[in-house]
Amino acid sequence: MARDKIRLGIIGANIHYGWGSRAHLPALAHLSDYEVLALCTAHPETAQESAKTFGVPLAFHRHEDLLHHPDIDAVAVVVRVPLHYQLTMDVLRAGKHVFTEWPLGANLREAQEMADLARSQGVHSMVGLQGRFAPAFRRLKELIDEGYVGEVLACHLTQIRPGVLNRTSGRTWQRDRSLGATTLTIPFGHAVDCMCMCVGEFSEVS
């Protein structure tokens, strides 16, 4: 018999910080097609605290234990970018569907390997590019598709951000470009994705 709901596990759900507790868990509480069955943080204390706060039945501090649970259909990886690759690969090897926050990996090689494994495992994979679902961008795409602005011949995108100079002590690791979480890859990456959704993919890059 088919299940009525998709049962989820969330890796990275510390109640004190991060997108897991600030965005994913509150949003999922309002979606009737999903049930958050388990969550995982790096420490048993925070895992239990988060599970109690959000009413989640299972709490783990080892992601392997979450992945081996037979009732979990899909897993959201909501941790720092340098950890995306190993955790996402483990989810895929366990045969679970996966959602991974953006940026998918620290570099193109990691992203390609994750995509290749998802394809070979025959599971669904998704990247958190939420700008595509923002009402303003969806309306902009509708107008362009309807010909409201005529034929789009070119598009220029400029973004100015304060960078990591004002980061708290817990986020100064983002100054290391090799870790894949910079002003260019995160906010500008989201902006580029929205631009491509609205006007089309790049014809060339120089």
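The values are calculated or read from the model by the stated rules, or taken from the named source; none is laboratory data. Just so it is clear, the structure is predicted and the values come from calculations on it, not from any experiment. Ideal geometry is used to build each Cβ from the backbone, glycine not excepted, and the neighbour counts take in all protein chains shown.
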Please state which one of 44, 70, 57 is assigned by TED's automatic domain parsing to the domain that holds residue 93, farther than 25 Å from residue 89 by Cβ, at pLDDT 95 or above and surrounded by fewer than 23 Cβ atoms within 10 Å (Cβ to Cβ).
57
Just a yes or no: is a residue in region 122-131 surrounded by 12 or more Cβ atoms within 10 Å (Cβ to Cβ), at pLDDT below 80 and not in a helix (DSSP H, G or I)?
no
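Quick check on my filter: what residues within region 136-151 are in a helix (DSSP H, G or I) and either under 13 Å from residue 199 (Cβ atoms) or of a type outside the set (Lys, Arg) (or both)?
So the first thing to find is which residues in region 136-151 are in a helix (DSSP H, G or I), and the list is 136-145.
Passing the criteria: 136, 137, 140, 141, 142, 143, 144, 145.
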So how many residues does region 108-140 have that are within 15 Å of the chain's Cα centre (by Cα) and polar (S, T, N, Q)?
2
Matching option when the condition is assigned by TED's automatic domain parsing to the domain that holds residue 38, in a helix (DSSP H, G or I) and surrounded by fewer than 16 Cβ atoms within 10 Å (Cβ to Cβ), among 110, 64
64
Residue 87 meets each of (1) more than 17 Å from the chain's Cα centre (by Cα); (2) at pLDDT 95 or above; (3) not β-branched (Val, Ile, Thr) with one exception, condition (1)
